[in-house]
Each structure stands twice: as C-alpha cells, then as structure tokens.
1. Among the residues of the range 42-53 satisfying the criterion of being over 10 Å from the mean Cα position of the chain (by Cα) and surrounded by 14 or more Cβ atoms within 10 Å (Cβ to Cβ), which is farthest from Glu82 (Cα to Cα)?
2. Scan the range 47-77 for residues that are of a type in the set (Val, Ile, Thr) and closer than 11 Å to Phe27 by Cα and jot them down.
3. Restricting to the range 31-49, and then to whatever is among the charged types (D, E, K, R) and either in contact with a Gly (Cβ under 6 Å, 6 or more places away or on another chain) or not in a loop (DSSP other than H, G, I, E, B) (or both), can you tell me which residue is nearest to Val60 (Cα to Cα)?
4. Anything in the range 54-69 that is small (Gly, Ala, Ser) and surrounded by 14 or more Cβ atoms within 10 Å (Cβ to Cβ)? List them, or say none.
5. Scan the range 20-39 residue by residue and report those that are more than 16 Å from Pro87 (Cα to Cα) and either surrounded by 15 or more Cβ atoms within 10 Å (Cβ to Cβ) or touching a helix residue (DSSP H, G or I) at 6+ places or on another chain (Cβ under 6 Å) (or both).
6. What are the residues in the range 75-86 that are touching a residue at least 60 places away in the same chain (Cβ under 8 Å) and exposed (fewer than 13 other Cβ atoms within 10 Å of the Cβ), if any?
7. Can you find a residue that is in a loop (DSSP other than H, G, I, E, B) and either aromatic (Phe, Trp, Tyr) or out of contact with any Pro (no Cβ under 7 Å at 6 or more places or on another chain) (or both) anywhere in the range 65-75?
Amino acid sequence: MGSDELVPPPKARVDPSDSARSARYEFLVPGEVSEAVLAAFPGMRCTPGSVGGTVLYGPVEDAGELSGVLDRLAAMGIPVAEIRRLPD
C-alpha cells in the first residue's frame, strides 16, 4: 500500500451515553463531492479540506445517525480519511 492511499477508519464505536444529544461532526473524504452525493446527506455542508479532499460537516443527532452516515458513505464507495466531533 502506497503512502498516498487512504486507509478506511475502524468501525465507529457507539457510546450509548452520547445518544442523548446531537453534536456536530466533520468527515474528511478524498477528492471532490458531487451535488448528488451531498444531496444524500441532508443538513450537511461541504468545503475543501485544508490538506486536500473535501470536508462534509453538519449536525448528527445520535450514534445511530453517525453509523448511518458512515454506512451511506461506504455504500457510495467513498472512503473516510478522518472523522472529528466538533466542539459545541
């Protein structure tokens, strides 16, 4: 595997205590995100990443929705390079 290849992150661990409130997350993905992909994630916005790629960001209501976002990205063949929970 070359140093330019992205390695998918491990499966997200779901902490039930996080499910009581929504949080904002950002997902760094390689390349540009089309309008069709963005439309699959209502409430999310995108911006160019500071180190390349695209950052999708927005509110995630609970752990189930976080898993759903990751599952949709995987189903679309879009690897996730980084996931961050943003400060409140």
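1. Cys46
2. Thr47, Thr54, Val55, Val69 - these are the residues of the range 47-77 that are of a type in the set (Val, Ile, Thr) and closer than 11 Å to Phe27 by Cα.
3. My answer is Arg45.
4. Scanning the range 54-69 gives Gly58, Ala63, Ser67, Gly68.
5. Scanning the range 20-39 gives Leu28, Val29, Pro30, Val33, Val37.
6. Arg85, Leu86
7. no
Since every read-out is calculated from the coordinates, none of them should be taken as a lab result. Values in this document were obtained by computation on a predicted structure and should not be read as measured data. Heads up, the Cβs are rebuilt from the backbone with ideal geometry, glycines too, and the neighbour counts pull from every protein chain shown.
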